[in-house]
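Worksheet: the structure to be examined is printed underneath.
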Amino acid sequence: MTNSNNTEKVMSEHNILLTASEMGLLWNQYESDTMVRCILKYFKNKCEDAEILPIIEHSLSVAENHVKILIDIFKNEELPIPVGFTDKDVNIHAPKLFTDTFMLYYLQNTSVIAMAGAGVAIGVSSREDISKFFQDILVEAKDIHNMVRKVSLSKGTYIRPPYISNPDKVNFVSKQRFLFDFFGKAKRPLTAIEITHLFINIQTNALGKAMMLGFAQVCKDEDAKQFFIEGKNIANKHIKKFALALADSDLPAPMTWDSHLLDSTVAPFSDKLMVFHTTVMIAVGIGNYGAAVGTCQRMDLSALYTRLSAEIALYAEDGANIMIKHAWLEEPPQADDRQALINQPK
């Protein structure tokens, strides 16, 4: 997300080709920013809260500026401009589907996703201009997150992770039971890192559950509706499993957001956008579960995340099939098919 005064933008290194990583990340950024732009246009037209609306307007301006920069890059590199999402995919006059507080929570989560994505992109961008673009996105996402946090704290809607007591000394692990306890009735208490991942994954599933409830309520396509209902059920199941792990250590789980869904049945977004948005949330969920597996030291939790990752990977395939069926799935840049070139008639 880049400010207009940073729009020195484009290409000082015309002679250096984009790498596959840079090309793919720029393509993905365009898809995401055009989607978010549609959502924020709708939010801007529906938000009534005087503190939340300026953050939505700022975030929309940032997303629109990204799209302009990306179009310039694609043109300069003689790459086809992706279709992404346009005004055809949003109805800003549809009745309000989510509360203003939920809109703020949505921005909180998308800013975290943007920071994580930009961090990855910076790490694999070799060209100076591309690296700078993603560095700007990281800074802007951080700024939006800070705006959201301050308003959420002032309104009393910010959800903090659980508190634990300060340790009184440094301890070292002395028993294998610290790692392995699949069947024991008395599992060791959760570590601070394990609590963090359980908290994050409850929050992201809570966001996904509320959004899929809303999508199911307004979508037109029956396949998409069943897809959203299935996703809502999966998210609900995962929330319960993570909340139980916290409860076993006598820790509270964060609230869900179902009550922030309103009763409109008029779609603010196209079915294409809503299915794509859900597949993005699935990808984020799989990434979060993978990060949890890599840092959780209680093997029963690692096994839980691995099992649930497989479940949502299968669910992601359902979404891809729906998008293919309706010709909604845009192909990202791909490597040359050498075998096809070899077999091509001369």
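The values are calculated or read from the model by the stated rules, or taken from the named source; none is laboratory data. The structure presented is a predicted model; accordingly, all values stated were derived computationally and were not measured. Here the Cβ is made from the backbone with ideal geometry for all residues, glycine too, and neighbour counts use every protein chain on show. All accessible areas refer to the heavy atoms of the entire protein, side chains included, with ligands and DNA or RNA removed. Shrake-Rupley method; radii C 1.70, N 1.55, O 1.52, S 1.80 Å.
Here P95 fulfils each of the conditions (1) part of a helix (DSSP H, G or I); (2) under 29 Å from V151 (Cβ atoms) apart from (1). In the set (1) farther than 25 Å from W328 by Cβ; (2) touching a strand residue (DSSP E or B) at 6+ places or on another chain (Cβ under 8 Å), the condition left unmet by D89 is number (1). Scanning the range 69-98 for residues that are out of contact with any helix residue (DSSP H, G or I) (no Cβ under 9 Å at 6 or more places or on another chain) and at positive phi returns a single hit, E78. Among the candidates I234, I239, the residue that is in contact with an Asp or Glu (Cβ under 7 Å, 6 or more places away or on another chain), open to solvent by 10 Å² or more (accessible area, probe 1.4 Å), at pLDDT 95 or above and under 16 Å from G285 (Cα atoms) is uniquely I234. Applying the set (1) farther than 20 Å from M211 by Cα; (2) open to solvent by 60 Å² or more (accessible area, probe 1.4 Å); (3) touching a residue at least 24 places away in the same chain (Cβ under 8 Å); (4) in a helix (DSSP H, G or I) to L153 leaves exactly one unmet item: (3). Residue pairs whose Cβ atoms lie under 8 Å apart, separated by 6 or more positions or on different chains, with the first residue in the range 63-83 and of a type in the set (D, E) and modelled with pLDDT of 95 or more and the second open to solvent by 10 Å² or more (accessible area, probe 1.4 Å) and in a helix (DSSP H, G or I), are E64/R37.
All conditions but one from (1) farther than 23 Å from S264 by Cα; (2) open to solvent by less than 10 Å² (accessible area, probe 1.4 Å); (3) in a loop (DSSP other than H, G, I, E, B); (4) of a type outside the set (D, E, K, R) apply to F74; the one that does not is (3). No other residue among I122, I113, I130 is surrounded by 22 or more Cβ atoms within 10 Å (Cβ to Cβ) and either among the β-branched types (V, I, T) or not in a helix (DSSP H, G or I) (or both) apart from I130.
Taking each residue of the range 248-264 that is surrounded by fewer than 14 Cβ atoms within 10 Å (Cβ to Cβ) and looking for partners that are at pLDDT below 90 with beta-carbon atoms closer than 6 Å, six or more apart or interchain, yields P252/P162. Does C47 count as at pLDDT 95 or above, crowded, with 18+ Cβ neighbours inside 10 Å and more than 17 Å from the chain's Cα centre (by Cα)? Yes: the conditions hold for C47. None of L304, L308, L273 is open to solvent by less than 60 Å² (accessible area, probe 1.4 Å), in contact with a His (Cβ under 7 Å, 6 or more places away or on another chain), outside any loop (DSSP other than H, G, I, E, B) and among the aliphatic types (A, V, I, L, M) except L308.
Each row is one residue, and each column tells you yes or no for (1) among the small types (G, A, S); (2) open to solvent by less than 70 Å² (accessible area, probe 1.4 Å).
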site	(1), (2)
G287	yes, yes
C296	no, yes
L314	no, no
K325	no, no
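The residues on offer are A235, A243, and the sole one that is in a helix (DSSP H, G or I) and more than 27 Å from A94 (Cα to Cα) is A243.
Name the single residue, out of those in the range 292-319 being touching a helix residue (DSSP H, G or I) at 6+ places or on another chain (Cβ under 7 Å) and aliphatic (A, V, I, L, M), that is nearest to N233 (Cα to Cα). Only one residue fits best here, namely I312.
Of these, F172, F180, F133, which one is modelled with pLDDT of 95 or more and aromatic (F, W, Y)? Unique residue meeting the criteria: F133.
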